[in-house]
Amino acid sequence: MKKQPKVLVISRDSWNDTNNSGNTLSNLFQNWDAENIANIYCRDEIPNNKICSNYFKISESLLLKKLLRKTPVAGIKVQKQEAVLATSEVKDEQNEKKIYDFFRKNRFHIFLWGRELLWKMVNWKSKELKDFIKDFNPDVIYSPSYDSFYMHDILKFVQKESGVKVVYFHCDDLVTYRQYSWSPLYWVNRFVLRKHMDKSIQLAAKNYCIIDEQSRVYKKIYNLDFDILYKTGDFTNFPQTHSPNVPLKLIYTGNIIYGRIHSLFSIADALKMINSDGIKAKLYLYTANEITPEVKHRLESSGSVEIMGKVPYSQIPGILNDGDILVHVESFEKQQMLATSLSFSTKIVDYLEAGKPIFAMGWKEAASIKYLHDNDIGVTANNNQEVQDKLKDLIDHTESLNDKGLKAWSFGKEKHNKKDVLKNFEDNLEALKKE
């Protein structure tokens, strides 16, 4: 049995299976042994996964404490904790989550640049960090790409300290200028980000994209190879089917920010019309995002939406299996439309794995919508009238639901089968180790 390469993962968030970034990491490294993987991350969050147990944390709270001379270093080694977490750690995580939720909803450039200034002012390149890299002695570095400038600085520093090859994974479009904003500050930020991205992409020995269209665009810009690295699923056996629920259960799992809530409003309105002569279907909304009283009232006034809130990721497969139609939405706000034109929602793979028909609403050029439409693995709607017509047709013909689900699952088995995708990924990392 060949020895796995030792991979040092760099991430902005903690490796936590309850968020998208952490779930993607666990999906990719699910076959790794704990002694062969380590993680440097940059949030006051508590890691939560079954793969990695060796961490180094550099957080903004530590940077501030170092700036104020309340602590000598801005980074500390963190061991995976099986015991009950200390109250102070939980409080730190909760406080930071509130701060980042605010910044995510209010992306004022003065805040973003203030954070970047903090990372520039405080020396995070500590002996402790250097010792962590040296002691782990990685064979390969793996990192997603980020829109935070300091993450590019960390990548360059870790690569220089370790002297090993970098694998760089692109989930969102952080390169092109095909964006929408009237703010000069936005374009200054985008220009600086592009310069960082140029350097990090050239630094990497292997660049991956999450979807074909992104790979095509990036290849044209950089004249480099950008391979596809799909999120994977277990497509060994088609999930056991059940008779349609009465009323039908439409399931949405994911974010409602970045304008997606307005698409969900459209689906709620369509269901209200469809259910006008009796409840035929209801939408069950699972999200970790805050739901304001106004949004709650707007959804529930349709009489066709149940707000379920946040659930552990481990419960999602069961929730999807119990549903009849799985819902995906993208925004119609111009800024978000262009921002997501090369982004792929990883929950679509969870939907394919569930073997259920997929109903999606969004701009026809959004990568996720285009992926479903072009591969004929989902019913897609691009405006309010299409939502009402196509959703009604889907709900009125329950006899076709299993066939549509099987078609989606079969496509997933061909493109997203973890056995094939992960073997190729692991072989590529092994090859980089040997170079």
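The values are calculated or read from the model by the stated rules, or taken from the named source; none is laboratory data. Just so you know, these numbers come straight off a predicted model, no measurement behind them. We place every Cβ from the backbone using ideal geometry, glycine too, and count neighbours over all the protein chains shown. For the accessible areas, the whole protein counts, side chains as well, though only heavy atoms, and no ligand, DNA or RNA atoms are used. Shrake-Rupley method; radii C 1.70, N 1.55, O 1.52, S 1.80 Å.
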Q | Top-ranked residue in region 301-319 [being surrounded by 14 or more Cβ atoms within 10 Å (Cβ to Cβ) and more than 20 Å from Asn23 (Cβ to Cβ); ranked as farthest from the chain's Cα centre (by Cα)] | A | Ser302
**Q.** When residues of region 238-263 are limited to those that are in contact with a helix residue (DSSP H, G or I) (Cβ under 7 Å, 6 or more places away or on another chain) and hydrophobic (A, V, I, L, M, F, W, C), the one farthest from Pro357 (Cα to Cα)
**A.** Ile257
Q.
For region 91-108, check the following and say yes or no: at least one residue is at pLDDT 75 or above and in a loop (DSSP other than H, G, I, E, B).
A. no
Q: Scan region 232-247 for residues that are without any contact (Cβ under 8 Å) to a residue 40 or more places away in the chain and surrounded by 13 or more Cβ atoms within 10 Å (Cβ to Cβ) and jot them down.
A: Pro247
Q) When both residues are 6+ apart or on different chains and their Cβ atoms are under 6 Å apart, which pairs have a first residue that lies in region 320-342 and is over 15 Å from Phe359 (Cα atoms), and a second that is among the small types (Gly, Ala, Ser) and in a loop (DSSP other than H, G, I, E, B)? A) Glu333/Gly259; Gln336/Gly259; Thr340/Ala366
Q: Please go through region 147-178 and pick out each residue that is of a type in the set (A, V, I, L, M) and either assigned to a helix (DSSP H, G or I) or open to solvent by 50 Å² or more (accessible area, probe 1.4 Å) (or both).
A: Met151, Ile154, Leu155, Val158
Q: Looking only at region 212-231, count how many residues are crowded, with 20+ Cβ neighbours inside 10 Å and touching a strand residue (DSSP E or B) at 6+ places or on another chain (Cβ under 7 Å).
A: 5
Q: Tell me, please, whether a residue that is on the phi < 0 side of the Ramachandran plot, of a type outside the set (S, T, N, Q), crowded, with 21+ Cβ neighbours inside 10 Å and modelled with pLDDT of 95 or more can be found in region 179-196.
A: yes
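Yes/no matrix, rows are residues, columns are (1) crowded, with 21+ Cβ neighbours inside 10 Å; (2) touching a residue at least 40 places away in the same chain (Cβ under 8 Å):
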{"site": "Leu8", "(1), (2)": "yes, yes"}
{"site": "Asp13", "(1), (2)": "no, no"}
{"site": "Asn23", "(1), (2)": "no, yes"}
{"site": "Lys50", "(1), (2)": "no, no"}
{"site": "Lys65", "(1), (2)": "no, no"}
{"site": "Arg69", "(1), (2)": "no, no"}
Q | Selection from region 1-27 of residues that are among the aliphatic types (A, V, I, L, M) and either within 19 Å of Asn255 (Cβ to Cβ) or at pLDDT 95 or above (or both) | A | Val7, Leu8, Val9, Ile10, Leu25
